[in-house]
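As structure tokens, the structure follows; a few thoughts come after it.
The values are calculated or read from the model by the stated rules, or taken from the named source; none is laboratory data. Note that the structure is a prediction, hence the values are computed from the model and not measured. Note that each Cβ is placed from the backbone with ideal geometry, even for glycine, and that neighbours are counted across all protein chains shown.
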Amino acid sequence: MTRIPCQLYLISPLDVGGDFPNRLTEALDAGPVAAFQFRVKGLEQHEAARLAEPLQAICAARDVAFIVNDDVALAKRLGADGVHLGQDDGDPREARRELGPNAQIGVTCHASRHMAMEAGEAGADYVAFGAFYPTTTKTVEHQAEPEILEWWQGMFELPCVAIGGITVENARALVDAGADFLAVSGGVWAHPDGPAAAVLAFSALLKDQPAG
């Protein structure tokens, strides 16, 4: 089977107000991005939807999948392209019933082969492994090693996402190990030269891949 080259998957910062829509536009216009995950915490659904809608429109105009983190009800309300579930955020089968056959459903699997296989059996569209590197986005309780990506690629066709502290400087090992997507937050939004420069740098890195 020919492997599709690794692609970039952006995760929002927790603060998506203010000028963030402009920053997202800059990032998406700087290079190819496969998906954008809307990740906010502690907001009631109406407020979350208000913040999500302009970002969803920016993604739709650029054919970038809009994925909601953790919240199946919000994903359904928005008509999002999919939902990303943590281990405590519900069952992929139930999310599928709620969101329909075309929704993209991802599942966090930390560093667990067992969780990943269970997610695949439950109908997930992708599994996410991590954190691979230290990150300030969330507390790291599970440390993953690149070899889990190699193992997954050798056993399964379902795409795998690498997440956790990924930057342009440290991403190459994950691409080489078999990540189908690099899920990046701080490595883009906190880049010293801005999000557009970060996406441009990731694009150059991801262009330099051997044919699968």
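Somewhere in the range 126-146, is a residue of a type in the set (A, V, I, L, M, F, W, C) and in a helix (DSSP H, G or I)? No; the residues of the range 126-146 include none that is of a type in the set (A, V, I, L, M, F, W, C) and in a helix (DSSP H, G or I).
For the criterion of being touching a Gly at 6+ places or on another chain (Cβ under 8 Å), part of a helix (DSSP H, G or I) and of a type outside the set (Asp, Glu), residue 51 passes. Checked against the criterion of being under 18 Å from the mean Cα position of the chain (by Cα) and either under 24 Å from residue 70 (Cβ atoms) or small (Gly, Ala, Ser) (or both), the candidates 204, 197, 124 yield just one match: 124. Of all the criteria given as (1) at pLDDT 95 or above; (2) touching a helix residue (DSSP H, G or I) at 6+ places or on another chain (Cβ under 7 Å), the one not satisfied by residue 164 is (2). Scanning the range 84-140 for residues that are in contact with an Asp or Glu (Cβ under 8 Å, 6 or more places away or on another chain) and on the phi > 0 side of the Ramachandran plot turns up just one, 110.
Residues that are surrounded by 17 or more Cβ atoms within 10 Å (Cβ to Cβ), at pLDDT 95 or above and among the hydroxyl-bearing types (Ser, Thr, Tyr): does the range 134-149 have at least one? Within the range 134-149, none of the residues are surrounded by 17 or more Cβ atoms within 10 Å (Cβ to Cβ), at pLDDT 95 or above and among the hydroxyl-bearing types (Ser, Thr, Tyr). List pairs: first residue in the range 10-24 and under 14 Å from residue 42 (Cβ atoms) and touching a residue at least 12 places away in the same chain (Cβ under 8 Å), second residue charged (D, E, K, R) and surrounded by fewer than 17 Cβ atoms within 10 Å (Cβ to Cβ) anywhere in the structure, Cβ distance under 8 angstrom, at least six positions apart or on different chains. Pairs found: 14/41. Applying the criterion of being of a type in the set (S, T, N, Q) and in contact (Cβ under 8 Å) with a residue 60 or more places away in the chain to the residues of the range 170-212, the residue that is nearest to residue 7 (Cα to Cα) is 203.
Please verify whether residue 204 is surrounded by fewer than 16 Cβ atoms within 10 Å (Cβ to Cβ), within 17 Å of residue 28 (Cβ to Cβ) and out of contact with any helix residue (DSSP H, G or I) (no Cβ under 7 Å at 6 or more places or on another chain), treating the condition exactly as stated. Judged against the criteria, residue 204 is a match. Contact map, the range 62-73: residues that are under 12 Å from residue 45 (Cα atoms) paired with residues that are in a helix (DSSP H, G or I) and among the polar types (S, T, N, Q), Cβ distance under 7 Å, separation 6+ or inter-chain. Pairs shown: 73/45. Mind telling me which of the residues 120, 90, 106 ends up being in a loop (DSSP other than H, G, I, E, B), farther than 20 Å from residue 15 by Cβ and either among the small types (Gly, Ala, Ser) or in contact with a His (Cβ under 6 Å, 6 or more places away or on another chain) (or both)? Answer to the selection: 90. Residue pairs whose Cβ atoms lie under 7 Å apart, separated by 6 or more positions or on different chains, with the first residue in the range 154-168 and part of a loop (DSSP other than H, G, I, E, B) and hydroxyl-bearing (Ser, Thr, Tyr) and the second buried (at least 23 other Cβ atoms within 10 Å of the Cβ) and at pLDDT 95 or above, are 167/187.
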